[in-house]
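Each reported figure results from applying straightforward, stated rules to the coordinates on display, with no laboratory input. Remember, it's a predicted structure, so these values are computed and weren't measured experimentally. No Cβ is skipped: glycine too gets one built from the backbone with ideal geometry, and neighbour counts run over all protein chains shown.
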Amino acid sequence: MAKTITPSDLEALDRLEQKVRLLVAEMGKLRANHTTQAEENRRLSGELDAALARLADVESGVAEMAALRQERDQVRSRVAGILEHLEGLDI
């Protein structure tokens, strides 16, 4: 025996159809948002890589500068020693 569809059954189907349409629309928005966020993530990753490269350059420069200062101090100390020897000579 076939069941007849009542108006309340049609209303339930209409509500379900509306919910499915809303869900599909929301999924579209979420996919678009995901794409936007993925692009933003790639851009920020590139900026981070560039910043890390600049940081490595700066750290290398700082280490080089410290080595040059140490070398300068050694030269200054040796020159001071040579000047003391020269002053000690009666010329």
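Looking at (1) 18, 13, 12; (2) 86, 8, 7; (3) 20, 16, 10, which value of semi-axes √(5λ) of the Cα gyration tensor in Å comes from a calculation on the structure shown?
Correct label, based on the coordinates given: (2).
Give me the dipole magnitude in Debye, nearest 20, for the chain about the Cα centre, with unit charges on the beta carbon: positive for Lys and Arg, negative for Asp and Glu.
Here the size comes out at about 700 debye.
Going toward the positive end of the dipole of the chain, with +1 on Lys and Arg Cβ and -1 on Asp and Glu Cβ, which of Leu16, Met27, Ala53 do you reach last?
Leu16
To test your reading of the geometry: what angle, between 0 and 90 degrees and rounded to tens, separates the Cα axis of helix 7-88 from the longest principal axis of the chain?
Here the helix axis deviates by roughly 0 degrees.
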